Protein chains: 2
Amino acid sequence: MRTTLCDTLGIDLPIIGFTPSEHVAAAISRAGGLGVLGCVRFNDADELDKVLGWMDANTGGRPYGVDVVMPAKVPDEVKGVDPATLIPAEHREFVDRTLAQLGVPELPEGQGRDGVLGWLHSVARSHVEVALEHPIALIANALGSPPADVIAQAHDAGVPVAALAGKAEHAARHVERGVDFVVAQGHEAGGHTGEIASMVLLPEIVDAVGDRAPVLAAGGIGSGRQAAAALALGAQGVWTGSIWLATREYLETMPESEPMQQALVAATSADTVRTRIYTGKPARLLKTRWTEAWSQPDAPEPLPMPLQNLLVAPAHNRIHASSDPSVVSMPVGQIVGRMNEVRPVADVVADLASGFTDAVTRLTEISDA
Amino acid sequence: MRTTLCDTLGIDLPIIGFTPSEHVAAAISRAGGLGVLGCVRFNDADELDKVLGWMDANTGGRPYGVDVVMPAKVPDEVKGVDPATLIPAEHREFVDRTLAQLGVPELPEGQGRDGVLGWLHSVARSHVEVALEHPIALIANALGSPPADVIAQAHDAGVPVAALAGKAEHAARHVERGVDFVVAQGHEAGGHTGEIASMVLLPEIVDAVGDRAPVLAAGGIGSGRQAAAALALGAQGVWTGSIWLATREYLETMPESEPMQQALVAATSADTVRTRIYTGKPARLLKTRWTEAWSQPDAPEPLPMPLQNLLVAPAHNRIHASSDPSVVSMPVGQIVGRMNEVRPVADVVADLASGFTDAVTRLTEISDA
């Protein structure tokens with residue numbers, strides 16, 4: 001299972017694993033893939049710096065990457081205005097009322113932390129600055145092309161840039177702007193996602209960018225069969241996210257995530273919903289009592305990015321602390337239906353690789369018959 | 001490109017092609033696949049009988065199948081009640097008003113035909129009766145398991161039965177009821193479709209039915225790369241529909257369909273919508289001014305099956321006669337974005353087969369590297 005992407009990135013397997021957990025990211029890199037650390041959870045760039053230092057010491061010298069969230073259009077935010085003041089009272093009241101109805105307790109005095117600021121452009125830029133001081137192999141942007149100066153900054157440091165695309169025209173635009181890898185994010189993916197499913201989207205994007213950029217397949221990839229399908233469709237590698245949420249290493253970073261893992265392990269592929277309630281843009285989440293509350297007639301329309309996440313982040317902290325699997329708020333793709341146990345990262349990687357070989361062997365027999 | 005399905009059905013290529021056109025179906029069978037004629041357009045079983053007689057004479061002795069529409073739950077219909085009386089005036093008024101707004105002329109006096117009755121259970125049963133008098137190789141049901149006595153009737157005649165499934169649990173139930181082939185219909189497919197995309201759905205269904213039934217992949221399949229992906233995911237063959245709408249042979253059956261083909265050829269993969277306006281159940285259609293009108297605030301909720309189709313069928317006749325590509329009402333999958341010219345059926349089949357071989361060759365190189 002070796003593509004030119006492996007040579008470009010210095011990895012053994014064309015498996016890119018996005019995760020907010022440094023323990024998972026390091027384990028993916030050690031297993032021969034490329035762990036990509038999601039930075040949105042870091043409000044403070046110094047905190048990210050410390051964690052990347054840990055990555056440098058724990059990836060066994062294997063490459064790793066980082067993922068920031070930079071909307072192509074910079075929202076009018078934090079220009080002397082506290083963004084929190086832009087959130088309507090109706091929305092705050094709905095959140096408070098809903099949490100009470102769902103039986104989610106308030107946080108004990110002094111606990112809890114600020115809303116997640118990583119969605120703010122200024123914070124994402126500070127992530128890039130810090131990351132480039134580490135030996136990273138990739139900067140990915142989870143929302144379209146990064147700004148031109150960020151691409152230039154990465155290239156000056158010799159670091160390639162990846163960007164997500166849910167349409168072929170977006171992929172072509174990324175490449176014109178200098179993006180080095182396109183992540184084709186199918187409808188079935190977790191997190192921000194468009195309407196076109198991987199089976200259709202992936203070859204469209206591969207053909208749209210031609211040999212100007214390798215394409216990574218995201219959305220629905222959790223097994224070697226799916227990796228083989230993605231590569232049959234023209235991808236040079238797979239971009240996986242959801243499957244790493246149900247790994248043992250995830251708990252090393254976030255030990256309080258056991259109820260979340262229980263909820264994921266119990267879910268079927270039908271138990272996700274694509275909604276704007278997480279960030280203001282359509283994103284696929286685990287379907288729980290929390291997401292269902294937002295589809296009731298009394299629920300307000302979600303706010304635009306970045307306000308929606310500022311609104312719900314404190315609620316997510318309360319939900320997280322409540323340890324109730326039935327109210328979990330977590331981006332995850334339809335592949336959640338196959339995440340049926342919590343496993344070590346190395347086992348997941350090994351299964352992807354061996355399942356790929358099995359699928360190709362089976363296909364070759366069919367082709368030769 | 002040969003699987004056990006080929007031996008079971010007596011075909012050269014594991015490509016099943018669903019189409020309402022007998023000219024297309026016969027051409028698919030002659031090219032080595034299995035043409036499956038959709039029967040829903042036949043209000044009169046004698047008319048179907050005549051067309052199947054034509055198929056018998058024009059498939060060069062190659063096998064073909066038929067597709068009927070039998071909801072698992074029989075609606076309370078036509079029991080002494082004219083179903084037309086069950087359609088609310090508000091719905092009829094909306095349709096009339098919308099057609100006027102869209103500039104769709106009324107049909108000339110004496111033209112036009114009845115609503116499509118093939119959605120009615122009684123009519124679908126008459127299709128089965130007639131079809132079994134011909135040397136058909138397959139009966140497919142486009143809506144879940146057929147009734148037990150229909151499965152028994154087909155099996156008594158030595159004809160295997162296929163049924164569509166959008167969830168693994170439905171697929172398992174089909175097989176328990178005696179269905180011989182499961183068509184895994186992904187979210188990206190045209191016509192009736194669920195929420196789970198092919199990349200995730202297909203291996204789930206393959207694993208759910210195990211070796212009890214071969215699985216055909218439907219949804220997003222229009223090229224050999226996609227066929228290779230489907231077979232990598234465990235399918236024994238592909239079930240294709242949309243791609244046959246843009247063939248020359250289609251016009252031999254329905255010469256008035258040129259504006260529809262123009263609309264399909266111009267559409268991108270983003271130009272579809274999943275809506276209940278065609279039959280009352282969620283189905284993916286080409287997005288046009290007609291479908292958009294139904295998503296406006298003044299549009300009524302679609303009616304349940306079979307009433308919704310009885311409501312819109314006369315409108316579809318007017319739309320069809322108007323020759324305006326911008327108002328076409330046509331089920332089609334996201335693969336429409338790759339249907340960029342009207343081609344002979346044999347060319348489409350040949351490209352599927354050669355594209356499959358190319359994709360497998362590429363995968364084998366990756367696997368060996």
- Message: Filter region B:327-353 down to the residues that are part of a helix (DSSP H, G or I), more than 19 Å from B:Gly190 (Cβ to Cβ) and either in contact with a helix residue (DSSP H, G or I) (Cβ under 6 Å, 6 or more places away or on another chain) or away from chain A (no Cβ under 14 Å) (or both) and list them by number.
- Response: B:Ala346, B:Asp347, B:Ala350
- Message: Looking at the structure I just gave you, is B:Ser354 modelled with pLDDT of 95 or more, over 30 Å from A:Thr361 (Cβ atoms) and hydroxyl-bearing (Ser, Thr, Tyr)?
- Response: no
- Hey, among the residues in region A:10-42 that are surrounded by fewer than 21 Cβ atoms within 10 Å (Cβ to Cβ) and more than 17 Å from the chain's Cα centre (by Cα), which one's nearest to the other protein chains (Cβ to nearest Cβ)? A:Asp12
- Message: Report every pair of residues separated by at least 6 positions or lying on different chains whose Cβ atoms are under 7 Å apart, first residue within region B:57-70 and within 13 Å of B:Ser21 (Cα to Cα), second part of a loop (DSSP other than H, G, I, E, B).
- Response: B:Tyr64/B:Ile136; B:Tyr64/B:Ala137; B:Gly65/B:Ile136; B:Gly65/B:Ala137; B:Val66/B:Cys39; B:Val66/B:Ile136; B:Asp67/B:Cys39; B:Asp67/B:Ala142
- Item | Failed item, numbered, when B:Ala346 is tested on (1) surrounded by 19 or more Cβ atoms within 10 Å (Cβ to Cβ); (2) farther than 28 Å from B:Pro108 by Cα; (3) of a type in the set (A, V, I, L, M, F, W, C); (4) modelled with pLDDT of 95 or more | (1)
- Item | Unmet requirement for A:Thr364, which otherwise passes all of (1) at pLDDT below 95; (2) crowded, with 22+ Cβ neighbours inside 10 Å; (3) of a type in the set (Val, Ile, Thr) | (2)
- In region A:134-149, what residues are under 20 Å from the mean Cα position of the chain (by Cα) and farther than 15 Å from A:Val175 by Cβ? A:Ile136, A:Ala137, A:Leu138, A:Ile139, A:Ala142, A:Leu143, A:Pro147
- Message: So in region A:217-263, with the set limited to residues that are among the aromatic types (Phe, Trp, Tyr) and in a helix (DSSP H, G or I), which one is farthest from the chain's Cα centre (by Cα)?
- Response: A:Tyr250
- Would you pick out the residues in region B:210-237 that are of a type in the set (Lys, Arg) and at the interface with chain A (Cβ under 9 Å from one of its Cβ atoms)? B:Arg225
- Task: Check whether at least one residue in region B:266-279 is touching a residue at least 12 places away in the same chain (Cβ under 8 Å), within 14 Å of chain A (Cβ to nearest Cβ), under 30 Å from A:Ala369 (Cα atoms) and not charged (D, E, K, R), and report yes or no.
- Result: no
- All but one of (1) at the interface with chain B (Cβ under 8 Å from one of its Cβ atoms); (2) within 15 Å of A:Gly355 (Cα to Cα) hold for A:Pro203; which doesn't? (2)
- Task: Within region B:6-65, track down each residue that is at pLDDT 95 or above and among the aromatic types (Phe, Trp, Tyr).
- Result: B:Phe18, B:Trp54, B:Tyr64
- Task: Can you tell me which residue within region A:178-199, out of those that are within 11 Å of chain B (Cβ to nearest Cβ) and among the β-branched types (Val, Ile, Thr), is surrounded by the fewest Cβ atoms within 10 Å (Cβ to Cβ)?
- Result: A:Thr193
- The one condition B:Thr4 fails out of (1) more than 14 Å from every other protein chain (Cβ to nearest Cβ); (2) surrounded by fewer than 23 Cβ atoms within 10 Å (Cβ to Cβ); (3) farther than 18 Å from B:Leu245 by Cα is (1)
- Task: Hey, can you tell me all the residues within region B:281-292 that are over 14 Å from B:Pro325 (Cα atoms), in a loop (DSSP other than H, G, I, E, B) and at pLDDT 95 or above?
- Result: B:Pro282
- Note on the structure: Reported set for region B:278-308 where residues are surrounded by 17 or more Cβ atoms within 10 Å (Cβ to Cβ) and under 15 Å from B:Pro88 (Cα atoms) is B:Gly280, B:Pro302, B:Leu303, B:Met305, B:Pro306, B:Leu307, B:Gln308
- Please go through region A:155-177 and pick out each residue that is without any contact (Cβ under 8 Å) to a residue 40 or more places away in the chain and crowded, with 17+ Cβ neighbours inside 10 Å. A:Val159, A:Val161, A:Ala163, A:Gly166, A:Lys167, A:His170, A:Ala172, A:Arg173, A:His174, A:Val175
- Message: Can you say whether B:Arg362 is assigned to a strand (DSSP E or B) and more than 19 Å from B:Phe94 (Cα to Cα), as far as the supplied structure shows?
- Response: no
- For residues that are out of contact with any helix residue (DSSP H, G or I) (no Cβ under 7 Å at 6 or more places or on another chain) and closer than 16 Å to B:Leu164 by Cβ, tally how many sit in region B:21-43. 2
- Query: Just for region B:184-216: of the residues that are without any contact (Cβ under 8 Å) to a residue 60 or more places away in the chain and not in a helix (DSSP H, G or I), which one is farthest from B:Leu5 (Cα to Cα)?
  - Reply: B:Glu195
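The values are calculated or read from the model by the stated rules, or taken from the named source; none is laboratory data. Nothing here was measured: the structure is a model prediction, and the numbers come from that model. Note that we place each Cβ from the backbone using ideal geometry, even for glycine, and neighbour counts take in every protein chain shown.
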